[in-house]
1. Can you give the FRET efficiency to the nearest 0.05 for Arg50 and Lys73, using r as the Cβ-Cβ distance and R₀ = 25 Å?
2. If the label point is 7 Å along Cα→Cβ of Leu60, which residues in region 75-113 have backbone nitrogen under 17 Å from it?
3. Applying 1/(1 + (r/R0)^6) with R0 = 35 Å to the Cβ-Cβ distance of Leu12 and Phe126, what FRET efficiency is obtained, to the nearest 0.05?
4. Which of rounded, prolate or oblate describes region 1-66 when judged by the alpha-carbon gyration tensor and an a/c cut-off of 1.5?
5. What ranking of Thr18, Thr119 emerges when the number of other C-beta atoms within 10 Å of each C-beta is taken as an exposure proxy, fewest first?
6. Identify all lysines with a Cα-Cα distance to Lys84 below 25 Å; exclude those on the same chain that are fewer than 8 residues away in sequence.
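Where a number appears in this text, it was derived from the coordinates with a stated rule and is not lab data. Quick caveat, the model's predicted, so the values are computed rather than measured. Here the Cβ is made from the backbone with ideal geometry for all residues, glycine too, and neighbour counts use every protein chain on show.
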Amino acid sequence: MEYVSCVLWDGLYHITGTDIVRALVFRFEAFGRPVRNMKKFEEGVFSDLRNLKPGVDACLEEPKSPFLELLFKYQCIRTQKKQKVFYWFSVPHDRLFLDALERDLKRERQGLETTTAVTGEPAQSFRYTYDPKRSLYEQFSEAQGRIAGEGELEAAVRAHELELEGERASPMSFSASSSPGPGGASRRGGRRRWQL
């Protein structure tokens with residue numbers, strides 16, 4: 001059994017590249033296309049993660065820093081070498097999933113070895129139409145009604161604002177408050193774990 005951790009450190013939520021890969025592996029299994037060649041799959045994902053820049057989308061941690069020691073202790077990372085740790089809300093999870101899927105679909109189309117294998121639904125029913133002008137992510141975003149160039153977070157905020165506008169217009173609107181759940185926050189940080 002594996003876990004994905006959301007780590008609160010110095011007031012910001014973080015996720016590691018290792019946990020991003022774990023989350024993507026889970027999504028591929030749920031899609032009916034489990035990962036068969038982990039090494040090649042990870043290479044592609046870590047290549048995509050190079051687009052997330054330190055200072056904007058991630059922090060660059062020095063070897064054996066207190067933060068890396070914490071992450072290593074809880075098996076969020078495999079080594080304590082210098083590495084990027086990503087800001088939770090900066091990670092484009094849908095884009096990473098669709099880019100990895102598109103890489104595999106292109107390999108399949110060219111008769112090359114894929115990193116995943118179709119084993120069930122919805123992957124069996126999924127039909128890929130190659131479009132050299134638009135990535136699978138762009139096609140998906142358009143189908144979801146996203147605005148060109150809009151990220152996942154912006155789309156979620158826009159959808160929430162539209163939902164709030166609809167509630168204000170409704171005569172039967174109500175609000176609910178919630179308190180934060182258990183998180184085990186320490187002096188410098190805490191973490192949440194989701195079982196995959």
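1. Working from the Cβ atoms, E equals 0.45.
2. Within reach of a label on Leu60: 81-87.
3. The calculated FRET efficiency here is 0.45.
4. The shape class here is prolate.
5. By the 10 Å Cβ count, ascending: Thr119, Thr18.
6. Straight-line reach from Lys84, under 25 Å: Lys39, Lys40, Lys53, Lys64, Lys73.
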